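Chemist: Let me begin by handing over the structure; questions about it come next.
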Amino acid sequence: MTQHLEDGENTARPLPARRKAIVIGAGIGGLTAAVALRKAGLDVEVYERANELRAAGSGLSVMSNAITALRSLDLGIDLEKHGSPLESYHVRTATGRLIREFPFPEIIGRLGVPSVLITRSDLQNALLDAASGIPVTLGAQAERFETDEAGADGGVRVGFADGSEVRGDVLIGADGFNSVVRGQLAGPEASRDSGYICWLAVIPFSHPRFAPGSVTHYWGSGQRFGMVDMGDGRLYWWGTKNMPTEESHNWRGTKAEVERAYAGWADVVREAIRATPEEAILGVPSRDRVFLERWGKGPVTLLGDAAHPMLTSLGQGSCMAIEDAVVLGRQLAVPGTDVPTALRRYEDERRERTRAVVTASRSISTFEQSEDPIRRPVRDAYFRFLPKRRLTRTLENALTFPQ
Ligand SMILES: Cc1cc2nc3c(=O)[nH]c(=O)nc-3n(C[C@H](O)[C@H](O)[C@H](O)COP(=O)(O)OP(=O)(O)OC[C@H]3O[C@@H](n4cnc5c(N)ncnc54)[C@H](O)[C@@H]3O)c2cc1C
């Protein structure tokens, strides 16, 4: 089924010289790429495996770097209206004692660009509105691609599970963690499990300790819990617990198991779990991949989790996908540049920043999940006493979209 999202913008007959981009995946990265490529003057078609676009029930922090990137696309969407602007960020012990208040509000104020806490579905809907007019074909599972070798601007054909095929001048693999486009480019790769599960839920919630615009992380031993305000009285919570790979990948546990894991934690944590219907709790394994140095070949490239899947500790996965999309659009908009050159320039521009975020996410995650009786107090003391100037510099660098 192809959804031609309403809008007159793309109805003009394309000029013969216009390039056509095929985007595989209608996640956050794919949809942002679609609008960025249209802005760059390409005709765009999006192909999505799912039969309906329905984001699973969890939340995201869309940090100032991603908001800056999105604003450069002039989408006319105001994410603050759909979510909650971040106003405070605290890290506490399992029982609620303050470890550190992170200076996000100060940095955000200085940058003059908000960071927004938003549900995945609200973000996806906002991006779908922005992508209005771009055809999005649902139920289209890409299986393989073939490039035409003739000339620098040779095209690419994509084959789908139902036997159909499409042809374009550019192929963007925005097909997430298990990307088939990446699989064909890079060959078989094992994922890297990080040794813990992540439970998630979005629920209506109120509590005196749950403030508007707040992010609060609670750190225990081999376990953490995060509470994030999504606006409109909605709480997004996530909990992690060290767990063998086999178990976390096939988790079919119960709410009682989650409640047991957080027995004795701060009252607000236990309240949040208690208020969550069992069926609202998702369990996802925490994993990434070894960083891939080459994301593309000829007219094919990768974007978002397909290119650089990362652990969640920095809350930057979708932010990096959004940044990727904007940089890709800019490179393809450079007049007189052939497609492979534009794609290699995009990959070169993104490699260092995304590698740094993947690496930092993994090392912070290992530190955060520690259950070692010596490392754990070291972890808390490190964050408590880390000089503010250093912390601010690191956070400000993450929150600044390199232009
Ligand atoms: C627990 C958790 C918490 C997170 N928190 C944050 C956060 O706070 N902030 C943040 O920025 N990031 C966060 N992330 C990371 C973020 O979710 C991802 O980085 C982001 O979703 C990546 O977007 P994407 O578009 O690259 O991939 P995806 O969102 O995975 O989208 C890929 C799309 O491709 C489709 N697809 C897959 N295969 C095919 C195929 N063969 N053919 C056609 N379509 C296909 C899929 O159905 C999907 O729609 C979190 C992740 C997790 C797991």
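The values are calculated or read from the model by the stated rules, or taken from the named source; none is laboratory data. All figures in this text were calculated on a predicted structure; none of them were measured in a lab. Cβ sites come from the backbone with ideal geometry, for glycine too, and all protein chains shown count toward neighbours.
Chemist: For segment 279-291, does any single residue satisfy the condition of being away from the ligand (no atom under 14 Å from the Cβ), part of a loop (DSSP other than H, G, I, E, B) and either among the small types (Gly, Ala, Ser) or under 24 Å from Phe205 (Cα atoms) (or both)?
Modeler: no
Chemist: I need the strands (runs of 3 or more DSSP E) fully contained in segment 136-226, keeping only those with at least 1 residues that are touching a residue at least 60 places away in the same chain (Cβ under 8 Å) and under 30 Å from Leu86 (Cα atoms).
Modeler: On the way: elements: 142-147, 156-160, 165-168, 170-173, 192-204, 214-219.
Passing ranges, in order: 192-204, 214-219.
Chemist: Out of the residues in segment 132-182 that are within 11 Å of the ligand (Cβ to nearest atom) and among the acidic types (Asp, Glu), which is farthest from the chain's Cα centre (by Cα)?
Modeler: Glu143
Chemist: Further, regarding this structure: Output yes when any residue across segment 325-344 is in contact with a Gly (Cβ under 6 Å, 6 or more places away or on another chain), of a type outside the set (Gly, Ala, Ser) and either without any contact (Cβ under 8 Å) to a residue 40 or more places away in the chain or within 27 Å of Asp175 (Cα to Cα) (or both), and no when none is.
Modeler: Scanning segment 325-344, I find at least one residue that is in contact with a Gly (Cβ under 6 Å, 6 or more places away or on another chain), of a type outside the set (Gly, Ala, Ser) and either without any contact (Cβ under 8 Å) to a residue 40 or more places away in the chain or within 27 Å of Asp175 (Cα to Cα) (or both), so the answer is yes.
Chemist: Considering only segment 206-213, I want to know if a residue exists there that is among the aliphatic types (A, V, I, L, M) and within 16 Å of the ligand (Cβ to nearest atom).
Modeler: Looking through segment 206-213, none of the residues is among the aliphatic types (A, V, I, L, M) and within 16 Å of the ligand (Cβ to nearest atom).
Chemist: Within segment 358-381, which residues are without any contact (Cβ under 8 Å) to a residue 12 or more places away in the chain and either in a helix (DSSP H, G or I) or polar (S, T, N, Q) (or both)?
Modeler: Matches in segment 358-381: Ser363, Arg375, Pro377, Val378, Ala381.
Chemist: From Ala263, Ala272, grab the single residue that is part of a loop (DSSP other than H, G, I, E, B) and either away from the ligand (no atom under 14 Å from the Cβ) or touching a residue at least 24 places away in the same chain (Cβ under 8 Å) (or both).
Modeler: Result of the check over Ala263, Ala272: Ala263.
Chemist: For segment 90-125, enumerate the residues that are touching a strand residue (DSSP E or B) at 6+ places or on another chain (Cβ under 9 Å) and closer than 16 Å to Asn397 by Cβ.
Modeler: Phe102, Pro103, Phe104, Ile108, Ser115
Chemist: Return the residues of segment 318-336 that are surrounded by fewer than 24 Cβ atoms within 10 Å (Cβ to Cβ) and near the ligand (Cβ under 8 Å from one of its atoms); say none if nothing qualifies.
Modeler: Result: Ser318, single match.
Chemist: Something else now. Across segment 154-195, what is the number of residues that are at positive phi and charged (D, E, K, R)?
Modeler: 0
Chemist: In addition: Examine segment 203-211 for a residue that is hydroxyl-bearing (Ser, Thr, Tyr) and surrounded by 17 or more Cβ atoms within 10 Å (Cβ to Cβ), and state whether such a residue exists.
Modeler: For segment 203-211, residues hydroxyl-bearing (Ser, Thr, Tyr) and surrounded by 17 or more Cβ atoms within 10 Å (Cβ to Cβ): absent.
Chemist: A further question on this structure: Being of a type in the set (D, E, K, R) and assigned to a loop (DSSP other than H, G, I, E, B) is the filter here; which residues of segment 243-260 pass it?
Modeler: Arg252
Chemist: Moving on to the next point. Under 7 Å between Cβ atoms, which residue pairs at least 6 apart in sequence (or on different chains) link something in segment 53-74 that is touching a residue at least 24 places away in the same chain (Cβ under 8 Å) and within 15 Å of Ala325 (Cα to Cα) with a partner that is part of a loop (DSSP other than H, G, I, E, B) and away from the ligand (no atom under 11 Å from the Cβ)?
Modeler: Listed pairs, sorted by first residue: Asn65/Leu399; Asn65/Thr400; Asn65/Phe401; Ile67/Val113; Ile67/Pro114; Thr68/Val113; Thr68/Phe401; Ala69/Phe401.
Chemist: So, Ala174, is that one in contact with a helix residue (DSSP H, G or I) (Cβ under 8 Å, 6 or more places away or on another chain) and farther than 29 Å from Leu399 by Cβ or not? Before you say what the answer is, go through the steps one by one.
Modeler: Details: in contact with a helix residue (DSSP H, G or I) (Cβ under 8 Å, 6 or more places away or on another chain): yes; farther than 29 Å from Leu399 by Cβ: no.
Against the criterion (in contact with a helix residue (DSSP H, G or I) (Cβ under 8 Å, 6 or more places away or on another chain) and farther than 29 Å from Leu399 by Cβ), Ala174 does not qualify.
Chemist: Can you name every residue in segment 230-276 that is closer than 22 Å to Ser365 by Cα, under 22 Å from the mean Cα position of the chain (by Cα) and at pLDDT 95 or above?
Modeler: Tyr236, Trp237, Trp238, Gly239, Thr240, Lys241
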